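Asker: This structure is in C-alpha cells; I'll ask about it shortly.
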Amino acid sequence: MRTPHFHPCLLFLSLIQILIPLLVSGQCNDHQRSTLLQLKSTLEYDSTYSTKLVKWNQSDDCCGWEGVGCDGAGRVISLNLENETIAGGIENSTALFSLQSLERLNLAFNLFNRAQIPKGLQNLSNLSNLNLSNAGFGGQVPIELSELRNLVTLDLSTLFGGALILENPNLRRLVQNLPRLRELYLDNVDILAQKSDWCQALSSSLPSLTTLSLRSCGLSGPLDASLAGLHSLSVLRLDDNNLQTTVPEFIGKFPSLTTLTLGNYFLQGIFPDTVFQVPTLQILDLSYNKNLSGTIPKLPMNSSLRTMVLSHTNMSGGLPDSIGNLRMLSRIDLFSCNFTGLIPTTISNLTELVYIDFSLNSFIGSIPALRMSSKLTYLDLSHNSLTGSLSSNHFEGLSSLEYINLGSNSLNGSIPPSLFGLPSLQRVLLSNNAFNGQIEEFPILNLSNLDAVDLSWNRLKGSIPESFFQLEGLRVLSLSSNLFNGTLKLEKVQRFPNLESLELGYNNLSVETNLQKPFEFPMFLAVLDLHSNKLRANNNLSGTIPEYLCNATYLQVLDLSDNNLSGSIPNCLVKNSALGVLNLRRNKISGKIPDLFSSRCGLKTLDLSQNNLEGKLPLTMANCTSLEVLNVGSNKIEDTFPCTLKNSSSLHVLVLRNNKFYGNISCSEVKGSWPNLQIIDIASNNFNGEINPRYITSWKGMMLENGAQLRGGHIRFEFLRNFYYQDAVTVTIKGLELELVKILTIFTSIDFSSNNFSGDIPQTVGDLSSLHLLNLSHNSFSSEIPRSIGNLQLLESLDLSDNQLSGRIPQDLSSLNFLSVLNLSYNNLYGIIPTGRQLQTFVAESYEGNSGLCGFPSNLSCVSESPEANSPATLKEREYDWRLIITSLGYGVGLILVFVPVALCKKWREYYSKQLDQFLSLIFPRLGFTKSSAGRRKRGRGRGR
C-alpha cells in the first residue's frame with residue numbers, strides 16, 4: 001500500500017487559507033464602535049424581536065457583533081440589519097452616513113412605513129451592495145443613489161406595489177452613472193417609462209448587467225432589440241407587466257442565460273424554439289400568457305433545465321421524446337395548455353422530478369410508469385383523455401408521492417391496492433373515470449398521512465372496503481356516483497376524528513342510521529352527502545332524519561336528497577347557524593318547516609322540494625340573509641308570496657312551484673329586492689292579480705348592463721380546500737322537467753305559468769336582456785304581446801299560450817336568433833304571422849287556437865297583404881254584412897208575399913219586378929257583396945291538444 005505524502009507548498013497554502021479570514025477581520029477600533037452604538041441609540045426598533053442590535057454593547061469587539069463585518073484595519077465594511085423591525089431613526093443618521101468604508105448595507109425587511117429612502121446614502125461612496133428590499137420605504141427613488149458609482153448590486157424590490165416610484169428621476173437617470181452594476185432588482189417599483197425607453201436605458205448604461213428583475217413594474221412597449229447588447233445577462237425576470245408583444249429571437253441567444261420568467265405578461269405570437277435549447281437555462285416560466293403559442297422542440301442532451309412552467313399558455317403539439325434528456329428537471333407544469341398526443345415513456349428517465357402537472361390538456365394513451373422518480377411528490381394528470389388501466393407496479397418506488405390526481409380521464413380497470421400503500425401519500429383523487437370492479441382491501445401500515453380520497457363518478461361496485469374505515473387521519477372521503485352496495489353502518493364515521501366531508505350519494509347503499517348507543521359525529525364534519533341511497537332505520541327502507549346529525553358542530557353541507565326519509569324536519573337542523581347547505585329534496589318528509597331559523601343563519605342553499613311539507617313558510621327564514629338558493633317546490637305549502645325574504649339580496653334561485661301559494665306577488669317595498677335573482681319559478685299555484693312592472697326592473701341579475709358579459713361558472717357552495725358543493729335545480733320546458741345538475745350563473749329564467757295572473761304583460765320584461773326562458777302560459781293576461789320582448793336577444797324559450805292576449809304578433813320577435821321554443825297558441829291573436837330568422841322554423845302548433853292568424857306556417861292564407869285584412873274588426877264587419885244581406889233578402893221576400901194578391905196581373909208583376917230589381921241593385925253594391933265572401937272561417941278558442 002502506498003503511503004500518501006504532502007508537498008510542503010501545499011501545507012503552506014492550506015495554512016494561508018485558514019489564516020486569511022482571521023487576518024482580514026481585524027479588531028474594531030474605538031471610533032467605529034462608538035459610531036455603531038450611536039447608530040443603535042438613534043434607531044427605533046422592537047428589542048423583543050431584534051436578534052442583532054439588541055446584542056450590541058461596549059464590552060465586545062464590534063467586529064464580532066451580529067450583522068457587522070470589518071476589514072483588516074478594523075473598519076466596518078459590512079452592515080446587515082435585515083429584519084430588525086426598524087421603524088425610524090435613519091433619515092438623518094449622521095452615524096450611519098459617517099461609515100465611509102461601508103461596502104455592503106442591508107436594511108431589508110424592516111418597517112420604515114413609507115418613509116423616503118435617505119438621501120444621505122450618497123455619502124457612502126464605497127458601497128458596492130445596497131439592499132433596501134421590503135424595508136417599507138416609499139415615494140420617489142432619490143437621484144442621490146445614482147452617485148454610488150461603485151454599486152455592483154442594487155435591490156429596491158418590494159412584495160407589494162405602489163410604494164416606490166421611478167419618475168423623476170426616471171430609470172435612465174438612476175442608472176446612467178452606475179457602470180459597474182451587475183445585479184438590479186426593482187420588483188414592484190412603479191417605473192414610468194415611454195414604451196421601450198427602459199430597454200435602451202439599461203442597455204446603454206449597464207453593459208455588465210447579469211441579473212435584471214423588473215417584476216410588476218408597469219412596463220409597456222415591445223422588448224427592444226437594444227437588450228441584445230446585454231451579453232452577460234444570466235437572469236431575466238419580467239413577470240406581471242403589460243408588455244403586449246412577441247418574444248424576440250435574441251432572447252434565445254444570451255449565452256449565459258440561466259433564468260427566464262415572463263409570466264402574466266400578455267405575451268403573444270410564437271415563442272422562439274431556441275430558448276428551450278440554451279444549454280445554461282435552468283428556470284423557464286411563461287405561465288399565464290394565453291395568447292402565447294408554440295411547441296416544445298427537440299431538447300439538447302446537455303440541458304440544465306430544472307424548472308419548466310408553461311401553464312395557462314396556448315402552447316401545443318406533442319411532447320418530444322427528447323424530454324428524457326432533461327436529467328436535472330425537478331418541476332414541469334403544463335397545466336391548462338393545448339398539448340396533445342402520448343406522454344413519452346422517456347419521462348421515466350427523469351429521476352430528479354418532484355412536481356408534474358399535465359392537467360387540462362388533450363393527452364391520450366396510457367400513463368407511463370413513473371416508478372423511477374423516488375423524489376416525486378406531486379402528480380396531476382387530470383382532465384385529459386388518458387385511457388388504459390393502472391398496473392400493480394405503476395407507482396412502485398414512489399416513496400415520496402404525496403398528491404396524485406388522475407381525475408376526469410377515461411381510465412378503466414381496477415384500482416390497484418398498491419396505490420393506497422404508498423407511505424407518504426396524502427391525497428388520492430381518481431374521480432370521473434371508468435374504473436370498475438371491487439376495491440380490494442389494502443394494508444393500512446404507514447397510511448397515517450392519507451387525508452383525502454375521491455373515487456366518485458366511476459363504476460366501482462361491491463362493498464366499501466373496511467380498509468377505508470381504518471384511515472384515522474382521513475378528512476375527505478368521496479365515493480359518490482358509483483355502484484357500491486351493501487350495508488353501511490353510519491356509526492363507522494366515528495372512527496375518523498378529523499373527518500370533514502363524507503360523500504356517499506348516488507350509490508345503492510343501505511345506510512344504517514338506527515344506532516344502539518349514544519352517537520357523536522366527528523367534531524369537524526362539514527359535509528355529509530348521503531343522497532340517492534337507502535337510508536334506513538329499524539331495517540326498513542324508510543325512517544326519520546336522526547337528530548344526532550345535529551351533534552356535528554361544524555356541519556356545513558347536509559345532503560340527504562333522493563332517499564325514502566319520512567317524518568318531520570328536526571328542529572335542530574334549522575337552528576344550526578353553521579349549516580351552509582341543507583338538501584332534503586325528493587323524500588317523504590311531512591309536517592311543517594320549523595319556524596326556528598337562527599338569527600345568525602348561514603344557509604346559502606335550502607332545498608326541501610318534492611316532499612309532503614305543508615303549512616306556511618317560516619317567518620324566521622328571513623334571518624337567512626345569505627340565502628342563494630331556495631327551493632320548496634312540489635309540496636303542499638299554503639301561504640302568500642314570501643315578501644319577508646325581500647332583504648335576502650344574495651338570492652339567485654327562488655322555486656315555489658306546485659304548491660298552494662295564493663294572492664298577488666306585490667310587496668310593499670319592491671325597489672332593490674333580489675338584485676341577483678336569476679331563476680324564479682312560481683308556476684302551478686294560485687297567485688293572481690297584475691304583475692308590478694317595478695318588480696321586474698329590480699332583478700338586475702337578469703340584465704346585461706352596458707353589454708357586459710355575466711361571469712361564468714356555476715352557483716356552488718365552497719368548503720374546505722379545493723372542494724365545493726354543486727347546486728341543482730329543475731326547470732320545465734314544453735312540459736318536460738329538465739334537471740340542471742349545475743346552475744350556470746349565466747342561466748336566467750322566469751316561470752309564472754298555471755296561475756291566475758291578469759292584466760298586461762309588463763313592458764319592462766324587455767329590460768331583462770339576459771333572460772333565457774320566459775313562461776307565462778295558462779294565465780289570464782289580456783294585453784298585446786309587448787314589443788320589448790324582441791330585446792331579449794338571448795331568449796331560447798317563450799311560452800305565452802292559453803291566455804287572452806290580443807293584437808298582432810310583433811315583428812320584433814323575428815330578431816330572437818336563439819329562440820328554439822315558441823308557443824303562442826290559444827289566445828286571441830290576429831294578422832299575418834311574422835316571418836324571418838327563427839320564426840321560420842316553428843310549426844303550426846305554435847300558433848294554433850288563434851283563429852285570426854294567417855300565413856305560414858298555418859294552413860290559412862291571408863285575404864290581403866294588409867295586416868288589417870284578418871283583424872277581428874274586419875271579420876266582424878264581414879259578419880255584419882252577411883246579416884244585413886239576409887235581412888234585406890227576407891224583407892224583399894216578405895214584400896213579395898204581402899203584395900202577391902195585388903200583383904196577380906201582368907202589369908203589376910212587371911211593375912213590382914222592375915222596382916224590386918232596382919231595390920236590390922241599390923243594396924248589394926253598398927254591402928260589397930261578392931261570391932268570395934261566402935268563404936268563412938270558424939273562430940273559436942279550442943282546448944284540445
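Each value in this text was obtained by applying a stated rule to the coordinates, not by laboratory testing. Predicted, not measured: the structure shown is a model, and the values here were computed from it. So basically every Cβ, Gly included, is an ideal-geometry build from the backbone, and we count neighbours across all protein chains shown.
Asker: Can you put LEU360, LEU477 in order of Cβ neighbours within 10 angstrom, beginning with the fewest?
Answerer: Fewest-to-most ranking of LEU360, LEU477: LEU360, LEU477.
Asker: Another one. Rounded to the nearest 0.05, what FRET efficiency do SER666 and LEU159 have when you use their Cβ-Cβ distance and R0 = 45 Å?
Answerer: E between SER666 and LEU159, to the nearest 0.05, is 0.25.
Asker: Still on this model: Under a point-charge model restricted to the Cβ atoms of Lys and Arg (+1) and Asp and Glu (-1), what is the dipole moment magnitude of the stretch 48-181 relative to its Cα centre, in debye to the nearest 20?
Answerer: 340
Asker: What whole-number distance in Å separates the alpha-carbon centres of the stretch 79-140 and the stretch 222-296?
Answerer: The stretch 79-140 and the stretch 222-296 have Cα centres spaced 33 Å from each other.
Asker: In the stretch 77-99, whose amide N lies under 14 Å from the spot 7 Å out along Cα-to-Cβ of ASP71? List them in ranges.
Answerer: Inside the label zone: 77-79, 99.
Asker: At most 11 other Cβ atoms within 10 Å and a DSSP loop assignment: could you name the GluC sites (Glu not before Pro) in the stretch 627-676 that fit?
Answerer: GLU669
Asker: Treating only the Cβ atoms of Lys and Arg (+1) and Asp and Glu (-1) as charged, compute the dipole magnitude of the stretch 172-229 about its Cα centre; round to the nearest 20 debye.
Answerer: Charge dipole, the stretch 172-229, about its Cα centre: 140 debye, nearest 20.
Asker: Further, regarding this structure: If you rank ILE691, ILE270 by fewest surrounding Cβ atoms within 10 Å, what's the result?
Answerer: ILE270, ILE691
Asker: Give me the extension gain from THR835 to GLU249: residue separation times 0.36 nm, minus the current Cα-Cα distance, reported in nm with one decimal.
Answerer: 205.3 nm
Asker: Here's something else I'd like to know. What distance in nm separates the two pseudo spin-label positions at SER590 and SER510, each 7 Å out from Cα along the beta-carbon direction?
Answerer: It works out to 2.5 nm between the two label points.
Asker: For PHE435, what residues show an amide H to amide H distance below 5 Å, using hydrogens built from the backbone and excluding near sequence neighbours?
Answerer: Distant-sequence amide H within range of PHE435: ARG459.
Asker: Now a separate question. Sorted from fewest to most neighbouring beta carbons within 10 Å, what does the list SER311, SER480 look like?
Answerer: SER311, SER480
Asker: Can you list the residues, at least 5 places off or on another chain, whose amide H is less than 5 Å from the amide H of LEU613, using H built in the peptide plane?
Answerer: Long-range HN contacts for LEU613: LYS636.
Asker: Continuing with this model, one more query. Name all residues of the stretch 109-124 having a backbone nitrogen under 18 Å from the label point set 7 Å from the Cα of GLN140 along its Cα→Cβ direction, giving them as ranges.
Answerer: Inside the label zone: 114-122.
Asker: Shifting gears a bit: Which of the aspartates and glutamates could be linked to LYS195 by a straight reach, that is with a Cα gap under 13 Å, when you skip same-chain ones fewer than 8 residues away?
Answerer: Within the straight-line limit of under 13 Å, LYS195 reaches these aspartates and glutamates: ASP224.
Asker: As an exercise, use a Förster radius of 56 Å and the Cβ-Cβ distance of ARG787 and GLU466 to find the FRET efficiency, rounded to the nearest 0.05.
Answerer: 0.25
Asker: Of the cross-linked pairs LYS588/LYS660; LYS616/LYS700; LYS592/LYS700, which ones have a Cα-Cα span greater than 22 Å in the structure shown?
Answerer: LYS616/LYS700; LYS592/LYS700, as the Cα separations exceed 22 Å there.
Asker: Note the full-extension length gain between SER598 and GLU441 as 0.36 nm times their separation in residues minus their Cα-Cα distance, in nm to one decimal.
Answerer: 52.1 nm
Asker: Mind checking the full-extension length gain between ASN57 and SER414? Use 0.36 nm per residue of separation minus the Cα-Cα distance, one decimal, nm.
Answerer: Separation in residues times 0.36 nm, less the Cα-Cα distance, equals 121.5 nm.
Asker: Quick one: what are the phi-derived ³J(HN,Hα) couplings along the stretch 785-792, Karplus 6.51/-1.76/1.60 with θ = phi - 60°, whole Hz, x for glycine and proline?
Answerer: With the stated coefficients, the stretch 785-792 comes to 5, x, 4, 4, 4, x, 7, 7 Hz.
Asker: Further question on the same structure: Tell me which trypsin sites (Lys or Arg not before Pro) from the stretch 771-857 have a DSSP coil assignment and no more than 16 other beta carbons within 10 Å of their own.
Answerer: When the trypsin sites (Lys or Arg not before Pro) of the stretch 771-857 are filtered for loop state and at most 16 Cβ neighbours within 10 Å, nothing remains.
Asker: Please report the net charge: other residues with Cβ closer than 14 Å to the Cβ of ARG114, K and R +1, D and E -1.
Answerer: Local net charge: -2.
Asker: To the nearest 0.05, how large is the calculated FRET efficiency for SER385 and GLU845 if R₀ is 41 Å and r is the Cβ-Cβ distance?
Answerer: The calculated FRET efficiency here is 0.45.
Asker: Would you mind pulling out the separation of the Cα centroids of the stretch 671-692 and the stretch 798-823, in Å?
Answerer: 21
Asker: Could you check the simple spin-label distance between GLN122 and THR351, using points 7 Å along Cα→Cβ, in nm with one decimal?
Answerer: 5.8
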